[in-house]
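The values are calculated or read from the model by the stated rules, or taken from the named source; none is laboratory data. Since the structure is predicted, the reported quantities are computational estimates derived from the model, not experimental observations. Using ideal geometry, Cβ is built from the backbone for each residue, glycine included, and neighbour counts are taken over all protein chains shown. When the accessible area is computed, the model is the full protein with side chains, heavy atoms only, and any ligands, DNA or RNA have been set aside. Shrake-Rupley method; radii C 1.70, N 1.55, O 1.52, S 1.80 Å.
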Amino acid sequence: MSDLQIRAATRADVEAVLAFWKESAEGTSVSDDVDGVTRLVERDPGALLLALVDGVVVGSVIAGWDGWRASLYRLAVLPSHRRRGISSALLRTAEERFLALGGRRVDAMVLEANATGRALWEAAGYRREDHWRRWVKPLAR
């Protein structure tokens, strides 16, 4: 896809990202609001990667790096732009980011019920590890 641009999100992209996720991402997060996405972009300016065509967000992935672990979240592509290599381009960019930062292994968060997502991750060379489970505790405010 020659007109595809991949770049890190900025504060100016926050509203567009939230609208894109509503249409394209599977599931929701407690951080799906202006404050949550703004904090992400400000804390780690290279973490939220966007795929754009003609200035419109058509894909995203969060490539979080905490200095020890490389984690991927929110890989999503606009339904009208799927099967064009956008997720592969986003993953390549994320993996290059992690390698440059010293990452050795990448973890990806994938909803169990997301069959399309699971197939995509498997095709990209990721494998499920059934001996791990995610434990979550919401932080009340």
- Item | Matching label, P(r) over Cα pairs in 10 Å bins from 0, in percent computed from the structure shown, candidates (1) 12, 43, 34, 10, 1, 0; (2) 11, 35, 22, 14, 8, 5, 3, 1, 0; (3) 11, 43, 38, 7, 0 | (3)
- Note on the structure: Calc'd 3J(HN,Hα), the range 65-75, phi into Karplus 6.51 cos²θ - 1.76 cosθ + 1.60 (θ = phi - 60°), Hz, glycine/Pro = x, comes to 10, 10, x, 10, 10, 9, 10, 10, 9, 6, 6
- Message: Can you find, among Gly103, His81, Leu139, the residue sitting farthest towards the positive end of the charge dipole of the chain, where Lys and Arg contribute +1 and Asp and Glu -1 at Cβ?
- Response: Gly103
- Honestly the range 6-53 on the Cα gyration tensor test (a ≥ b ≥ c root eigenvalues; a/c under 1.5 rounded, otherwise a/b vs b/c for prolate or oblate) is just oblate
- Pop out the carbon and sulfur fraction of the accessible area of the chain as a percent, whole number, probe 1.4 Å. 51
- For the range 23-141, what is the charge dipole size about the Cα centre, in debye to the nearest 20, if Lys and Arg each add +1 at the Cβ and Asp and Glu each add -1 at the Cβ? 340
- Task: Find the centroid of the Cα atoms in the range 65-141 and in the range 42-64, then give the distance between the two in whole Å.
- Result: 14
- Message: List the residue ranges in the chain for DSSP H helices whose C-alpha atoms run 24 angstrom or more along the long axis and whose Kyte-Doolittle average is 0.0 or above.
- Response: none
- Quick one: which residues, 5+ away or cross-chain, put their amide H under 5 Å from the amide H of Ala108? H built at 1.01 Å from N. Leu72
